[in-house]
Amino acid sequence: SNPSLAMPIERERRTYKSNQNRDSSILTENQVQILKNVDAESKGPRLQPWNRSYEELLSFVREFGHARVPQQFPPNPSLGLWVT
C-alpha cells in the first residue's frame, strides 16, 4: 500500500464510476485495466480472513451436514461467531 497514491487512485475510481454508463469513457482502456488491477490487489489481503473462515465453515458442513454452527463451538469458537 502506497499512501501517496491513495488520492489519485480514488479520483480515478470516481471518474470511472461516474462514466461507466456512458458510451465513451474519459479513461483509456489501459487506465481502466490498471485501476481494476489495483482494486483487486488491495482487496486481496482483506479477503484472506473471510476466505479462511469460509473454508472452515465448509469443513464444518462436510463433517456435520449443515451450516448451523453453534455460537459456543469449542473446537473453533471464532467460527460460531463468524457465522452468526
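Any read-out appearing in this document is the output of simple, stated calculations on the displayed coordinates, not a laboratory observation. Remember, it's a predicted structure, so these values are computed and weren't measured experimentally. Using ideal geometry, Cβ is built from the backbone for each residue, glycine included, and neighbour counts are taken over all protein chains shown.
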Discussion item. Could you sort the peptides 58-68, 73-83 by per-residue average Cβ neighbour count (10 Å cutoff), highest mean leading?
Written reply: 73-83, 58-68
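Multiply the residue separation of Gln31 and Gln72 by 0.36 nm, subtract the distance between their alpha-carbon atoms, and state the gained length in nm to one decimal.
Values: separation 41, 0.36 × 41 = 14.76 nm, distance 4.82 nm.
The Gln31-Gln72 span can extend by a further 9.9 nm.
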